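> Handing you this structure, nothing more for now.
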Amino acid sequence: MKPLEGIRILSIEQYGAGPFATSLLADMGAEVIKIEDPNTGGDVSRTVIPYAENQDSLFFQSINRNKKSVSLDMKSREDKEIFHSLVETSDAVFNNLRGDVPDKLGVNYHHLKEINPRIVTCSLSGFGNTGSMRKEPAYDYLLQAMNGHMSLTGEPGGPPSKFGISIVDFSTGMMAALGLMIGIVQAQTHGKGSDIDVSLFDTSLSVLNYLAIWHLNKGYKPERNAYSSHPTLVPSQLFPTQNGYMILMCNKEKFYQILTTELNRPDLAKNDKFKDFQARLDNKKELIEILNDIFIQHDTDYWLKKLKGKVPVAPVNTVEEALSQPLVEERNMIVDVASKTFGDIKMLGTPIKVSGYTPTYAEGPALGEHNEEILESILNGSK
């Protein structure tokens with residue numbers, strides 16, 4: 001049996017963060033029904049370039065597998081009635097609309113509780129369903145800029161930099177999936193649904209975490225550090241090698257002791273300038289210059305063979321190299337999915353492993369592909 005088998009989620013979703021959230025639940029067996037507007041061609045991600053054709057794209061497929069699609073015009077009275085019939089037999093209604101739209105569209109709990117008092121409504125928006133900015137659109141890059149991420153990323157003296165992928169979208173999607181399941185568990189336990197409000201703003205602010213508490217209580221002002229170094233732990237940063245870069249992290253005292261042994265430099269452990277975390281932070285420049293001179297003498301593979309399993313160390317891989325690592329196959333992280341548009345395609349599997357359950361993967365649906373199936377289930381009064 002699938003972990004979330006029997007859970008039905010209606011999802012008014014498009015593009016990235018929202019569909020990513022529900023894809024995590026669909027992989028676990030939840031029945032996720034995408035509600036798509038036929039007047040606009042459905043989810044806008046169906047046409048995201050560069051790999052898009054026939055109202056389908058690899059972008060769309062990456063976050064819409066294992067779902068069903070029903071085309072409904074939520075502004076039409078007839079289609080809204082169909083939606084309400086679906087609500088009667090569903091566990092949750094999810095959306096990733098602008099913060100003020102769910103209320104206008106009538107998909108919040110107070111609109112739907114008379115239809116189904118156990119329904120959970122979850123909204124993923126840019127700035128939340130309350131507050132002065134709820135009517136404003138938001139995107140990943142904007143939140144990386146607004147909430148300090150870009151100020152922390154990049155080399156000192158250079159321009160602020162964004163994260164290489166849409167990390168705020170994906171982080172918020174994970175929070176929304178968690179929030180949705182919290183609401184469903186609460187409804188199953190207490191018999192009453194609720195509104196779940198998750199935003200890009202709140203999520204991206206929350207991951208400032210220890211930097212935020214340092215600042216709020218001690219006035220700490222984080223700055224960008226050369227070679228992506230940790231703000232306080234030394235050595236914990238990027239190091240150039242003879243043919244590339246590696247990340248090495250001595251985030252425990254024992255790792256620094258092991259490192260000095262492996263480098264045949266016991267003097268670096270005995271030296272009072274480097275004896276503990278505080279001493280190494282106070283004398284960071286001197287220590288890093290010494291380590292740079294050592295690591296540049298050999299290539300990355302040499303250092304990985306020498307240090308891996310003894311101290312935390314990793315190569316700086318390209319995306320191609322990352323996807324080629326043996327552990328990717330060992331952990332079943334690349335799966336094959338048959339697609340009508342693109343033939344057999346490879347995509348990343350679910351990162352959630354549940355004992356006794358092996359996920360299966362079906363391609364993302366065509367617009368309205370499941371209209372007949374779902375509408376018949378409504379007429380038959382079944383879930």
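The values are calculated or read from the model by the stated rules, or taken from the named source; none is laboratory data. Bear in mind the structure is a predicted one, so any value in this text is a computation, not a measurement. Heads up, the Cβs are rebuilt from the backbone with ideal geometry, glycines too, and the neighbour counts pull from every protein chain shown. Keep in mind that these areas ignore ligands, DNA and RNA; they rest on the heavy atoms of the full protein, side chains included. Shrake-Rupley method; radii C 1.70, N 1.55, O 1.52, S 1.80 Å.
> Name every residue in the stretch 286-343 that is open to solvent by less than 90 Å² (accessible area, probe 1.4 Å) and under 30 Å from ALA366 (Cα atoms), in order of residue number.
Matches in the stretch 286-343: LEU323, VAL328, MET333, ILE334, VAL335, VAL337, ALA338, SER339, THR341, PHE342, GLY343.
> Look at LYS306 and say whether it is of a type in the set (Lys, Arg), over 27 Å from GLY42 (Cβ atoms) and touching a residue at least 40 places away in the same chain (Cβ under 8 Å). It would help to see each step written out before you state the result.
On the way: of a type in the set (Lys, Arg): yes; over 27 Å from GLY42 (Cβ atoms): yes; touching a residue at least 40 places away in the same chain (Cβ under 8 Å): yes.
Criteria met by LYS306.
> Follow-up question, since we're still on this one. Mind checking which residues of the stretch 184-199 are open to solvent by less than 70 Å² (accessible area, probe 1.4 Å) and of a type in the set (Val, Ile, Thr)?
Hits for the stretch 184-199 are ILE184, ILE196, VAL198.
> Let me ask something else. Which pairs do you get when a residue that is at positive phi, found in the stretch 57-79, comes within reach of a residue that is part of a strand (DSSP E or B) and of a type outside the set (Lys, Arg), reach meaning Cβ atoms under 8 angstrom, with the pair 6+ apart or on two chains?
Sorted first by the residue in the stretch 57-79, then by its partner, the pairs are ASN66/VAL32.
> Taking GLY356 as the residue in question, decide whether it is closer than 21 Å to GLY29 by Cβ and of a type in the set (Gly, Ala, Ser).
Working: closer than 21 Å to GLY29 by Cβ: yes; of a type in the set (Gly, Ala, Ser): yes.
Answer is yes for this residue.
> Taking the stated definitions as given, is VAL234 open to solvent by less than 20 Å² (accessible area, probe 1.4 Å) and out of contact with any Ser or Thr (no Cβ under 6 Å at 6 or more places or on another chain)?
Numbers: open to solvent by less than 20 Å² (accessible area, probe 1.4 Å): yes; out of contact with any Ser or Thr (no Cβ under 6 Å at 6 or more places or on another chain): yes.
It is true that VAL234 is open to solvent by less than 20 Å² (accessible area, probe 1.4 Å) and out of contact with any Ser or Thr (no Cβ under 6 Å at 6 or more places or on another chain).
> Here is a follow-up. Which of the residues spanning the stretch 1-42 are without any contact (Cβ under 8 Å) to a residue 40 or more places away in the chain, in a loop (DSSP other than H, G, I, E, B) and closer than 24 Å to GLY126 by Cα?
ASP37, the sole residue that qualifies.
> Restricting the search to the stretch 346-383, which residues are surrounded by 11 or more Cβ atoms within 10 Å (Cβ to Cβ) and farther than 27 Å from ASP37 by Cα?
Answer for the stretch 346-383, where residues must be surrounded by 11 or more Cβ atoms within 10 Å (Cβ to Cβ) and farther than 27 Å from ASP37 by Cα: LEU348, GLY349, THR350, ILE352, LYS353, VAL354, TYR357, PRO359, THR360.
> I need a count of the residues in the stretch 131-154 that are closer than 18 Å to HIS230 by Cβ and assigned to a helix (DSSP H, G or I). Walk me through how you get there before you give the answer.
Taking the stretch 131-154 and keeping what is closer than 18 Å to HIS230 by Cβ, we get 148-149, 151-154.
After this cut, where a residue has to be assigned to a helix (DSSP H, G or I) as well, the list is 149, 151-152.
Looking only at that region, the number is 3.
> Also: In the set ILE334, ILE296, ILE258, ILE288, which member is in contact with a Lys or Arg (Cβ under 7 Å, 6 or more places away or on another chain) and either basic (Lys, Arg) or more than 30 Å from LEU58 (Cβ to Cβ) (or both)? Walk me through it before giving the result.
Working: ILE334 fails: either basic (Lys, Arg) or more than 30 Å from LEU58 (Cβ to Cβ) (or both); ILE296 fails: in contact with a Lys or Arg (Cβ under 7 Å, 6 or more places away or on another chain); ILE288 fails: in contact with a Lys or Arg (Cβ under 7 Å, 6 or more places away or on another chain).
Only one candidate passes the filter, namely ILE258.
> I've got another one for you. Condition first: of a type in the set (Phe, Trp, Tyr), open to solvent by less than 40 Å² (accessible area, probe 1.4 Å), assigned to a helix (DSSP H, G or I) and more than 16 Å from ILE184 (Cβ to Cβ). Can you find one or more residues in the stretch 50-63 that meet it? Even if it seems obvious, please write down each step before you answer.
Our first condition is that a residue be of a type in the set (Phe, Trp, Tyr); within the stretch 50-63, this holds for 51, 59-60.
Keeping just the survivors that are open to solvent by less than 40 Å² (accessible area, probe 1.4 Å) gives 60.
If we keep only those that are assigned to a helix (DSSP H, G or I) too, we end up with 60.
Of the ones still in play, those that are also more than 16 Å from ILE184 (Cβ to Cβ) are 60.
Taking every residue of the stretch 50-63 in turn, at least one turns out to be of a type in the set (Phe, Trp, Tyr), open to solvent by less than 40 Å² (accessible area, probe 1.4 Å), assigned to a helix (DSSP H, G or I) and more than 16 Å from ILE184 (Cβ to Cβ).
> Please count how many residues of the stretch 77-100 are assigned to a helix (DSSP H, G or I), open to solvent by 10 Å² or more (accessible area, probe 1.4 Å) and not hydroxyl-bearing (Ser, Thr, Tyr).
Taking the stretch 77-100 as the starting set, the residues that turn out to be assigned to a helix (DSSP H, G or I) are 77-88.
When the remaining residues are screened for being open to solvent by 10 Å² or more (accessible area, probe 1.4 Å), the result is 77-82, 84-85, 88.
Next cut, not hydroxyl-bearing (Ser, Thr, Tyr) only: 77-82, 84, 88.
Here the count works out to 8.
> Any residue in the stretch 353-365 that's closer than 22 Å to THR341 by Cα and among the hydrophobic types (A, V, I, L, M, F, W, C): show its pairings with residues that are open to solvent by less than 90 Å² (accessible area, probe 1.4 Å) and not in a loop (DSSP other than H, G, I, E, B) at Cβ separation under 9 Å, as long as the two are six or more apart or on different chains.
Qualifying pairs under 9 Å: ALA362/LYS67; ALA362/VAL337; ALA362/ALA338.
> When the residues of the stretch 203-217 are narrowed to those that are of a type in the set (Val, Ile, Thr) and farther than 13 Å from LEU152 by Cα, which ends up surrounded by the most Cβ atoms within 10 Å (Cβ to Cβ)?
Just the residues of the stretch 203-217 that are of a type in the set (Val, Ile, Thr), to begin with: 203, 207, 213.
Retained after the next criterion (residues that are farther than 13 Å from LEU152 by Cα): 203, 213.
Details: THR203: 22, ILE213: 11.
It comes out as THR203.
> If only one of LEU268, LEU248, LEU233 is out of contact with any Gly (no Cβ under 6 Å at 6 or more places or on another chain), part of a helix (DSSP H, G or I) and among the hydrophobic types (A, V, I, L, M, F, W, C), which one is it?
Details: LEU248 fails: part of a helix (DSSP H, G or I); LEU233 fails: part of a helix (DSSP H, G or I).
Exactly one residue qualifies, and that residue is LEU268.
> Hey, another quick one. Pick out the one residue from GLU114, GLU136 that is free of Cβ contacts under 8 Å to residues at least 12 places away in the same chain, open to solvent by 70 Å² or more (accessible area, probe 1.4 Å) and either touching a helix residue (DSSP H, G or I) at 6+ places or on another chain (Cβ under 8 Å) or more than 19 Å from THR22 (Cβ to Cβ) (or both). Steps first, answer last, please.
Working: GLU136 fails: free of Cβ contacts under 8 Å to residues at least 12 places away in the same chain.
Only one candidate passes the filter, namely GLU114.
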